[in-house]
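Below: the structure, in structure tokens.
The values are calculated or read from the model by the stated rules, or taken from the named source; none is laboratory data. Everything numeric here is computed off the predicted structure, so don't read it as measured data. Cβ atoms come from the backbone with ideal geometry, glycine included; neighbour counts cover every protein chain shown. Keep in mind that these areas ignore ligands, DNA and RNA; they rest on the heavy atoms of the full protein, side chains included. Shrake-Rupley method; radii C 1.70, N 1.55, O 1.52, S 1.80 Å.
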Amino acid sequence: MSYGLGLSEKKQARQRRNRFFKFVFYLLVLAGVGLYGYYEGQAEGNRQIANVEDQVLVLTTENDRLNDQTRAALDKQSSALAEARVWRDKFENEIPSGPTLEILEMVQQRLAGGLEPERLKSLISLAENSQNCDPAPETKRFIVNTPIFNSPGNSVSLGKGSITVTGNGKATVNAEKKIEAWYDPTQPVEIVFTQLGGKKEVLTGVLPLHKSVVFGGDEYRFSILSGKQSFATISAARCDFP
């Protein structure tokens with residue numbers, strides 16, 4: 001009886017030791033797993049940090065490159081704007097405009113028309129602001145020709161007979177829609193200046209008209225105004241040219 005009880009107690013003691021060792025083993029396993037997980041997590045964290053640092057380095061390098069390109073582009077833009085301002089100033093300062101451009105165009109037209117450059121240079125060198133002009137303009141009136149009333153005698157002579165002036169216009173239409181013989185001063189007219197020798201100058205437009213014409217060594221400043229029915233009045237101031 002006592003022998004059976006002794007075996008039972010030994011068996012229970014052995015079972016308690018086994019359970020204890022299993023418990024310790026499980027603790028050690030859990031501790032090992034925890035340590036493995038800890039170190040593996042720390043390693044993964046280090047790898048991620050390293051990757052992030054590499055990405056930051058790449059992005060920083062790319063950002064520096066883009067900043068350099070931006071500065072280069074801004075420098076080129078500034079240079080282009082500066083060059084554009086230089087060309088604009090050069091254009092404004094060197095390209096003629098206003099009266100200068102008009103004079104240049106007149107010079108080109110006269111040269112294209114066959115005027116000798118030396119003759120033109122001589123005239124320009126002789127030109128002055130002050131001029132020697134006759135004390136009073138010569139004033140006359142003449143009949144303006146129309147398709148209905150046209151006569152070779154409808155002309156006037158100016159400059160002691162050196163210039164003949166004739167005019168042509170459109171006939172007046174009355175309230176009854178009938179055409180009259182005299183010209184309509186509200187419509188454009190054609191004034192023809194003929195110098196001795198046959199040289200002509202033509203002036204076209206609605207009256208009053210003004211024109212400066214050079215014949216030989218004289219400059220005539222004409223003003224043509226509408227007059228009484230059928231008539232126009234012309235005044236001519238003669239000045240030495242140039």
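Odds and ends about this structure:
- Pair list, Cβ under 7 Å, 6 or more apart: region 216-242 residue on the phi < 0 side of the Ramachandran plot, other residue open to solvent by 30 Å² or more (accessible area, probe 1.4 Å) and of a type in the set (Phe, Trp, Tyr): GLY217/PHE241; ASP218/PHE241; GLU219/PHE241; GLN229/TRP182
- For the residues GLU83, GLU62, GLU53, GLU118, the requirement of being open to solvent by 70 Å² or more (accessible area, probe 1.4 Å) and under 30 Å from GLU201 (Cβ atoms) singles out GLU118.
- Summed over region 98-125, the residues that are among the β-branched types (Val, Ile, Thr) and modelled with pLDDT of 80 or more give a count of 2.
- Pairing each residue of region 95-114 that is free of Cβ contacts under 8 Å to residues at least 24 places away in the same chain with any residue that is open to solvent by less than 100 Å² (accessible area, probe 1.4 Å) and outside any helix (DSSP H, G or I), provided the two are 6+ apart or on different chains, yields C-beta distances under 7 Å for LEU104/PRO96.
- Taking region 174-201 as the range and being closer than 15 Å to ASN145 by Cα and either aliphatic (A, V, I, L, M) or free of Cβ contacts under 8 Å to residues at least 12 places away in the same chain (or both) as the test, the residues that pass are ILE179, ALA181, VAL189, ILE191, VAL192.
- Scanning region 219-242 for residues that are of a type in the set (D, E, K, R) and in contact with a Ser or Thr (Cβ under 8 Å, 6 or more places away or on another chain) yields a count of 2.
- Positions within region 31-50 being open to solvent by 100 Å² or more (accessible area, probe 1.4 Å) and either at pLDDT 80 or above or in contact with a strand residue (DSSP E or B) (Cβ under 6 Å, 6 or more places away or on another chain) (or both), in sequence order: ARG47, GLN48
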